[in-house]
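Peer 1: Mind having a look at this structure? Questions to follow.
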Amino acid sequence: MKARYDTIYRTLREHIEDGTYPYQSLLPSESALTQAFSCSHNTLRRALALLKEKGYVQPVHGKGVRVIWQARERATFEVGGIQSFRETSAHNRLHARTEVTDFSTLVADGALAHRTGHPEGAELVTVERKRILDGRPLILDRSYFLASSVEGLTPKIAEDSIYAFLEDERGLTVATSKRTITVERATDHDRDMLDLGGADYVAVMTSQTFDGQGIMFEYTESRHHPEMFCFHDTAVRSAV
């Protein structure tokens, strides 16, 4: 069950995204919001803090909380958060489906261990998924999971949501992800699998994801059509 503040955060986020609270407007007062949600001031402040962290609002001393989020024409994937593809697609209001194009097991050799960060000799489950958005194959994910962390995973589950399976069925905590974003020349495999049009390059995000015990259970290379996606984060300047 989600915490009360998280439910309030999601409701306010939806109201911001659907224009109920437009860009540069002020949210209703704290008193009005606590009354509307029948919650404590502390609970509301936790929800507002999360909105600020995600780049939706900015508190203004003496005025209130101002909306700073703007809709984008392209799908947006958060750099600072950890979202499943299903969650991101729903957030961007896209019709999405996943095709599993490879599901196999292997043992990490030295080269793969160096590339992914998994220990040499570790048993891995390899999953390649083609992500289809509004009818177009636009993302190709290749993941290497620690086999002991994803016991029971099947291609059918991988077509739905691996993270939902890990969190709800396996009880695994998806805690931290380290990411790198690059632009690379498209490979022949990219061209075979994705609708790149005339593009000769792809945006690539590699991620190493850790569980609640600090164990890296996943390495994923996500290759994106370059003109259809943007990655964003919200930065706050600290006092020097």
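The values are calculated or read from the model by the stated rules, or taken from the named source; none is laboratory data. Owing to the predicted nature of the structure, the values given are computational and were not obtained by experimental measurement. Cβ: placed from backbone, ideal geometry, glycine included. Neighbour counts: every protein chain shown.
Peer 1: Among the residues of region 147-159, are any within 15 Å of residue 101 (Cα to Cα) and among the small types (Gly, Ala, Ser)?
Peer 2: Yes: one or more hits.
Peer 1: Being modelled with pLDDT of 95 or more and of a type in the set (Gly, Ala, Ser), is that true of even one residue in region 181-195?
Peer 2: Scanning region 181-195, I find at least one residue that is modelled with pLDDT of 95 or more and of a type in the set (Gly, Ala, Ser), so the answer is yes.
Peer 1: Answer yes or no: is there a residue in region 193-201 that is charged (D, E, K, R) and part of a strand (DSSP E or B).
Peer 2: Within region 193-201, none of the residues are charged (D, E, K, R) and part of a strand (DSSP E or B).
Peer 1: Could I ask something else about it? What's the number of the only condition in (1) closer than 18 Å to residue 118 by Cβ; (2) at pLDDT 95 or above; (3) loosely packed, with under 14 Cβ neighbours inside 10 Å that residue 156 fails to meet?
Peer 2: (1)
Peer 1: When the residues of region 170-184 are filtered to those that are surrounded by 11 or more Cβ atoms within 10 Å (Cβ to Cβ) and not in a strand (DSSP E or B), which remaining residue is nearest to the chain's Cα centre (by Cα)?
Peer 2: The qualifying residue nearest to the chain's Cα centre (by Cα) is 173.
Peer 1: Within the group 65, 125, 79, which residue is in contact with a Ser or Thr (Cβ under 7 Å, 6 or more places away or on another chain) and either surrounded by 14 or more Cβ atoms within 10 Å (Cβ to Cβ) or at pLDDT below 90 (or both)?
Peer 2: On the way: 65 fails: in contact with a Ser or Thr (Cβ under 7 Å, 6 or more places away or on another chain); 79 fails: in contact with a Ser or Thr (Cβ under 7 Å, 6 or more places away or on another chain).
When all the criteria are applied, what remains is 125.
Peer 1: Applying the selection to region 149-164, what residues are within 21 Å of the chain's Cα centre (by Cα) and without any contact (Cβ under 8 Å) to a residue 60 or more places away in the chain?
Peer 2: 153, 155, 156, 157
Peer 1: A further question follows. Does at least one position in region 194-209 carry a residue that is among the acidic types (Asp, Glu), surrounded by 13 or more Cβ atoms within 10 Å (Cβ to Cβ) and under 20 Å from the mean Cα position of the chain (by Cα)?
Peer 2: Within region 194-209 (the criterion being among the acidic types (Asp, Glu), surrounded by 13 or more Cβ atoms within 10 Å (Cβ to Cβ) and under 20 Å from the mean Cα position of the chain (by Cα)), the answer is no, since none of the residues qualifies.
Peer 1: Let me ask something else. For region 46-58, enumerate the residues that are modelled with pLDDT of 90 or more and exposed (fewer than 15 other Cβ atoms within 10 Å of the Cβ).
Peer 2: Correct list: 49, 58.
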